[in-house]
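Remarks on the structure that follows.
Bear in mind these aren't lab numbers, they're just calculated from the coordinates by the rules spelled out. What you see is a predicted model, and the numbers here were worked out from it, not measured in a lab. Here the Cβ is made from the backbone with ideal geometry for all residues, glycine too, and neighbour counts use every protein chain on show.
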Amino acid sequence: MKRTLRGLLIAVLALTLVLCFGAALAEVAPEAAEAVEAVETVETAEAVETANRFYQTFWSLLPPVIAIALALITKEVYSSLFIGIVMGGLLYSNFSFEGTLTHVFNGGVVAVLSDPYNVGILVFLVILGIMVVLMNKAGGSAAFGRWAAKHIKTRAGAQLATVALGVLIFIDDYFNCLTVGSVMRPVSDKHNTSRAKLAYLIDATAAPICIIAPVSSWAAAVASYVDDGNGLYLFIRAIPFNFYAILTIVMMITLTLTKMDFGPMARHERNAREKGDVFSGLRAYADAADDASNPRGRVLDLVLPIVVLIASCVIGMIYSGGFFSGESFISAFSNSDASVGLMLGSAVTLVITIIYYLLRRVLSFKQIMDSVPEGFKSMIPAILILTFAWSLKAMTDSLGAKQFVEALVRQSAGGFHAFLPAIVFLIGCFLSFATGTSWGTFGILIPITLGVFPLTDPLGVVCVSACMAGAVCGDHCSPISDTTIMASAGAQCDHVTHVSTQLPYAITVAAVSFVSYIIAGFVPNALIVLPIAVVLMIGTLLAVRKIVGERG
């Protein structure tokens, strides 16, 4: 209770400071305040640019910076995101009360919840929440836990099984997070693996796996930014240079085999291992505990819905890309709408799962219908954070943050040719971290990179891969990233705990990746650079282990 009141007090003080800061800026810039009426009455980008002195400037990145800083300080995500949104509204309206209010809600919350793509993702999440509840009530998770207890004997085995399952579910990061979480929670709990470590393993096998899987929604997104139809070909060529994704996998396996943890994660793992407290006192999703009371549950009650979900989502995605209208499989996947495909695939899977459970008589019709609101309820925290995160992105977009970063990259592209992959990687990290979106970062940086380098230039392929790696890295670190949010939901782990424990791991991989991209700038050959990167990653972890061991 004291912690909640303290967080609320800090959030209120932060909001007050934001408003005071806005008032001060408005006084310093009277010409900006005089342009309020123009901003409110015209809706074109050109009018906003001329009327708003903050448009396409450094100030356009202030809202996400404030939101991220407050989330890390207060340990409370909802108010931090909302204050960031308010800051965006203040800057957009030149600190007009009416303009801020209308932009925050009409241009932010209402707009993102009216977007068909976002609505499709929310429907997909709700259906997945319902399916998780159904699988738990049917006893599928408990049955898998009993099976795993016979075959997985150690904590390392449970963690490696989580990694393996995350690698196998490569279709989409949202699907990956929630499915791996629901399957592996009982197994990891049995072997006293902390929920923070489980959330990290889930998150690290979501976006990093999807970004190196040619058959995934991420590959389709990247391919869509290449105009000449060579998008998938470029994506495949860039895979060996995606150091962040590959080294993340190397790090997970190395940490598991060496039984090493560092930073805040070490404390959570120690609490789980020695005290049996997998939450370290912070039990999020307390009302969404798994129901393992159905003795008739079998492993098939868990496996079959997952297999059907994978197949249905693949079919849904190629359907949305026109496969059944004559397009080839590759073309249909490249042109697919992930939101539509995942929504339709999950809906079909839900119907099949309900019929299957009724035929198996493991659940009654009433139990199934009771699971619908329960599944929706379990997803409310994730949906609320996603809504705020999308609204915050809408604020930064309206302030011209993309154009500001684009101009910054173009200005710096000429001088440091060999260092450009490393520079692009850092810019991708920063932009994705600040906005919480990998796909938006792709859309900004990949066209710029292709404008600087032709597809035939090996360094161009390295730079495109650096775009993708940086976007995933920033997304992996950002507390407002939808994938990070989904990983917290999948592991049923406190979100700020997940972010704070994962950050040192992600930064370690990012540092090694940065050095690897410097090397790749001079030697753009994956056969040479990739082994060097792997050796650097393992060597860094062994050095950290020695340092941590000496301090301990």
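Tabulated data for the structure shown
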quantity: Sorted peptide list for 114-122, 58-66, 190-198, criterion being average Cβ within 10 angstrom, highest first; calculated: 190-198, 58-66, 114-122
quantity: Computed Kirkwood radius, in angstrom, where 1/r is averaged over Cα pairs of region 75-220; calculated: 17.9 Å
quantity: Residue-wise HN-Hα coupling along region 255-270, computed from phi with Karplus coefficients 6.51, -1.76, 1.60 (Hz; x: Gly, Pro); calculated: 4, 5, 5, 8, 6, 10, 9, 9, x, x, 4, 4, 5, 5, 5, 5
quantity: Residue-span extension gain [residue 113 to residue 267] - 0.36 nm each, minus C-alpha spacing; calculated: 51.6 nm
quantity: Computed over region 431-542: relative contact order in percent, which uses C-alpha pairs under 8 Å that are six or more apart; calculated: 25 percent
quantity: Greater than 22 Å apart at Cα, pairs in 190/275; 197/275; 197/377; calculated: 197/377
quantity: Relative packing of peptides 357-363, 182-188, 245-251 - highest average C-beta neighbours within 10 Å first; calculated: 182-188, 245-251, 357-363
quantity: Nonlocal amide H pairs with residue 194, under 5 Å, H built at 1.01 Å; calculated: none
quantity: HN-Hα J in Hz across region 94-110 - Karplus 6.51, -1.76, 1.60, θ = phi - 60°, x for Gly and Pro; calculated: 6, 6, 8, 4, 5, x, 5, 4, 5, 6, 4, 9, 5, x, x, 4, 5
quantity: Derived scalar couplings ³J(HN,Hα) [region 386-396; Karplus, 6.51 cos²θ - 1.76 cosθ + 1.60; whole Hz; x for Gly, Pro]; calculated: 4, 4, 5, 5, 5, 5, 5, 4, 4, 5, 5
